[in-house]
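Undergrad: Structure in structure tokens, see below.
The values are calculated or read from the model by the stated rules, or taken from the named source; none is laboratory data. All of these numbers come straight from a predicted model, not from anything done at the bench. Glycine also receives a Cβ, built like all others from the backbone with ideal geometry; neighbour counts cover every protein chain displayed. Only protein heavy atoms, including side chains, enter the accessible area calculation; ligands, DNA and RNA are left aside. Shrake-Rupley method; radii C 1.70, N 1.55, O 1.52, S 1.80 Å.
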Amino acid sequence: MGATHPNIVVGTPITWVPLMRRVAIVGAGWAGFRPQVPELSFRELVFEAAQRAYEDAGVDPREDVDAFVSCQEDYWEGIAIADEFAPEPVGGALRPTYTVAGDGLQGLAQAYMMIKSGAFDIVAVESHAKPSDIVTLDGIYDLALDPHTIRPLRVANPLFTAGLDAVAYMSRTGASRVHLAMVAAANKRMGLHNPRASYAGRVTVDDVLGAPYYIYPMTRYEVAPYTDAAVVIVLASEEAARRLTDNPVWVEGVGWSTEVGTGAVEYHKWGHMPSLKAAGLMAYRAAGIDSPTGEVGFAEVEDRFSFMELLSLEELGLAGEGEAHKMLETGDFSPGGYLPVNQSGGSLSVGVPFEALGLWRALEAYLELREHADKYDVPRAVVASWRGPPTYTSAVAVLGAQ
Amino acid sequence: MSSRSGRPQPGWVNPPGHYLKRDEMYSLVGLVEYPPRAKYLFSAGQAQSRFLMGLKEGKILGTRCPRCGRVYVPPRMYCEYCHTHTLEWVELPGTGVIHTAVISYIGTFRERRKEPVIVGVIQLDAPGYTPGGYEFAGLFHRLCGVTPEDVMSGRAIGMRVKPRWRPPEERRGDINDIECFEPIEG
């Protein structure tokens, strides 16, 4: 351990009714994860992911799954009231189904609560994206900005808010462009082992630093591209999970938070991501974790911009404030290190499938815990997602194999 | 609630304030008119692509579920009841009966149309498939040669119809390659 590790002390713990049962992930499926999937409609893409998830979980969606949750946004879909398209491809016709208009991890949190409540035993969560179907992505982002104070400025690309955060973060912590480039190069290379990582490559720190800027201080390697994808995850109560699988992965806690209204960029705490911190604290409380130090085996965290990986680790209490870049230097976040981070390659090598991004991170952590839990002293993962610019919403899940 | 003239309709108590003319309203500070720039190219996918190409050839194609036998028009690559792939394609004759029909005299903003529009849901003949429930192979489309009186009297329900195709050179692989469904004479 090369740097100071944080010790987050949580105040009054949230009262989770002790009799409430545990919730597990019992299966997952995915489809797409390519820059374009022109041969399938979004419905067909979701169906393929759902088929794989139900086979993986050993359940029949028409008999065994009690309810379905879909995560999507109308403007991403190009369909008003897109919720209505949600049930059919996941097997939810005439069954309880609804949409959470947010990140897939918020859908996972919803399913977690539905099962905790005792009303449902098995719930499927779906999220998907087809960015390649959108011609005017800039126009869609524009509609997310305040119509009176931001849009009329015609600044063209709301991703600029990420650049503002990056500059503020670097100035506050002393992290340099080299540290950001180290994150990008590491994630691009780790993705080479992941079949879902369309954008992985043998990229070096020099490649990253030598490339043209996209949004200062980040070059094209440091801003995650888009990907077409669908993810379906099946959750179950402890009783159902024990029946279905020998190696359930437990959802130990969930949390979510929004800092300020989207588009109200003036109110954001620049160089920080308070929503990520709040979501993390909520998830830790639910999981009964007083401090994440030494309690987490690995993490899949936000990295759609290179600096966000470092900031995420600090906001989640996995690195001390301003310490993440120092821990990066000493190899703490590398595979086999103190806390391996984004071994999947992160969104820098997988891409951004809009609201499916968080659910995809949960998928990666789930597969790792299911297959390789014995690699870790503590078989537990922190999964964290920020909904990306221009939002200030984040969601976190704590998954564990014990 | 105000009428076109800007005056409250009879029977409504006058709320406070005064009614703005159109120009007055659009000159208000803070009122921003903003047309969205939202353009998409929807991938039709496996099922609908083949269906649309079929229309160009004057054919109505559907898919059949190997498990329950349901025929899907418009086609799906999966059966939503069995959650299984529908791998078998079938060509339907195109004929069918009007399942339900409606006459609309108004537009979306409740404005009165010059001519009413008659549309319906057509249950298509699907040889070898007997619908077991309320769902069937069918299309929503315009009805021509069906009068408002046919609809209001109930005569339209069950009426035998067939597609009126556009001439082959005008077809584009589009649902409008069928102009409408019309009654089969005799």
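Undergrad: Among (1) assigned to a helix (DSSP H, G or I); (2) within 14 Å of chain B (Cβ to nearest Cβ); (3) out of contact with any strand residue (DSSP E or B) (no Cβ under 9 Å at 6 or more places or on another chain), there is one condition A:Pro158 misses while meeting the rest; what is its number?
TA: So A:Pro158 meets the others, but not (1).
Undergrad: Out of region A:305-318, which residues are in a loop (DSSP other than H, G, I, E, B) and in contact with a Ser or Thr (Cβ under 9 Å, 6 or more places away or on another chain)?
TA: Within region A:305-318, A:Gly317, A:Leu318 meet the criteria.
Undergrad: Let me ask another. Identify all residues within region A:160-214 that are more than 22 Å from the chain's Cα centre (by Cα), closer than 20 Å to A:Pro389 by Cα and of a type outside the set (Ser, Thr, Tyr); write none if there are none.
TA: Result: A:Val167, A:Ala168, A:Met170.
Undergrad: Are any residues in region B:13-65 away from chain A (no Cβ under 14 Å), part of a loop (DSSP other than H, G, I, E, B) and at pLDDT below 95, and if so, which ones?
TA: Within region B:13-65, B:Val13, B:Asn14, B:Pro15, B:Pro16, B:Gly17, B:His18, B:Tyr19, B:Leu20, B:Lys21, B:Ser27 qualify.
Undergrad: Can you name the residue in region B:160-177 that is in contact (Cβ under 8 Å) with a residue 40 or more places away in the chain and more than 17 Å from B:Ala44 (Cβ to Cβ) and is also surrounded by the fewest Cβ atoms within 10 Å (Cβ to Cβ) among such residues?
TA: If we take residues in region B:160-177 being in contact (Cβ under 8 Å) with a residue 40 or more places away in the chain and more than 17 Å from B:Ala44 (Cβ to Cβ), then B:Pro168 is surrounded by the fewest Cβ atoms within 10 Å (Cβ to Cβ).
Undergrad: Kindly indicate which of A:Ser171, A:Ser198 is open to solvent by 10 Å² or more (accessible area, probe 1.4 Å), in a helix (DSSP H, G or I) and either under 19 Å from A:Ala229 (Cβ atoms) or at pLDDT 95 or above (or both).
TA: A:Ser171
Undergrad: State which residue is modelled with the lowest pLDDT when the search covers only region B:114-167 and only residues that are closer than 18 Å to B:Pro74 by Cβ and of a type in the set (Asp, Glu).
TA: It comes out as B:Glu135.
Undergrad: Further, regarding this structure: Residues that are away from chain B (no Cβ under 14 Å) and under 19 Å from A:Val232 (Cα atoms): does region A:140-155 have at least one?
TA: no
Undergrad: Further question on the same structure: Being within 18 Å of A:Gly107 (Cα to Cα) and within 11 Å of chain B (Cβ to nearest Cβ) is the filter; apply it to region A:62-74 and report the residue that is most open to solvent (accessible area, probe 1.4 Å).
TA: A:Asp74
Undergrad: Tell me, which residue of region A:36-61 that is open to solvent by 50 Å² or more (accessible area, probe 1.4 Å) and without any contact (Cβ under 8 Å) to a residue 40 or more places away in the chain is farthest from the other protein chains (Cβ to nearest Cβ)?
TA: Ranking the qualifying residues of region A:36-61, first place goes to A:Glu55.
Undergrad: Also: So, in region A:378-399, how many residues would count as being within 9 Å of the chain's Cα centre (by Cα) and surrounded by fewer than 24 Cβ atoms within 10 Å (Cβ to Cβ)?
TA: 0
Every residue, every condition in (1) in a helix (DSSP H, G or I); (2) buried (at least 22 other Cβ atoms within 10 Å of the Cβ), yes or no:
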{"position": "A:Ala240", "(1), (2)": "yes, yes"}
{"position": "A:Asp246", "(1), (2)": "no, no"}
{"position": "A:Gly255", "(1), (2)": "no, yes"}
{"position": "A:Ser275", "(1), (2)": "yes, yes"}
{"position": "A:Met282", "(1), (2)": "yes, no"}
{"position": "A:Asp290", "(1), (2)": "no, no"}
{"position": "A:Gly294", "(1), (2)": "no, no"}
{"position": "A:Asp303", "(1), (2)": "no, yes"}
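Undergrad: Being open to solvent by less than 10 Å² (accessible area, probe 1.4 Å) and over 27 Å from A:His128 (Cα atoms) is the requirement here; does A:Leu339 meet it?
TA: yes
Undergrad: Residue by residue through region A:343-370, note down the ones that are of a type in the set (Ser, Thr, Tyr) and either over 17 Å from A:Asn187 (Cα atoms) or out of contact with any Lys or Arg (no Cβ under 7 Å at 6 or more places or on another chain) (or both).
TA: Scanning region A:343-370 gives A:Ser344, A:Tyr366.
Undergrad: Take the residues in region B:66-90 that are open to solvent by less than 40 Å² (accessible area, probe 1.4 Å) and of a type in the set (A, V, I, L, M); name whichever of them is farthest from the other protein chains (Cβ to nearest Cβ).
TA: Step by step, filter region B:66-90, then rank; the result is B:Val90.
Undergrad: Go through A:Gly104, A:Gly91, A:Gly78 for me and flag whichever is away from every other protein chain (no Cβ under 13 Å) and touching a strand residue (DSSP E or B) at 6+ places or on another chain (Cβ under 8 Å).
TA: Going through A:Gly104, A:Gly91, A:Gly78 in turn, the sole match is A:Gly104.
Undergrad: Look at A:Gly191 and say whether it is modelled with pLDDT of 95 or more and closer than 19 Å to A:Leu357 by Cα.
TA: Spelling it out, A:Gly191 is indeed modelled with pLDDT of 95 or more and closer than 19 Å to A:Leu357 by Cα.
Undergrad: Additional query: Here are A:Leu145, A:Leu159: which of them is surrounded by fewer than 24 Cβ atoms within 10 Å (Cβ to Cβ), closer than 26 Å to A:Ala319 by Cα and modelled with pLDDT under 95?
TA: Sole residue among the options that is surrounded by fewer than 24 Cβ atoms within 10 Å (Cβ to Cβ), closer than 26 Å to A:Ala319 by Cα and modelled with pLDDT under 95: A:Leu159.
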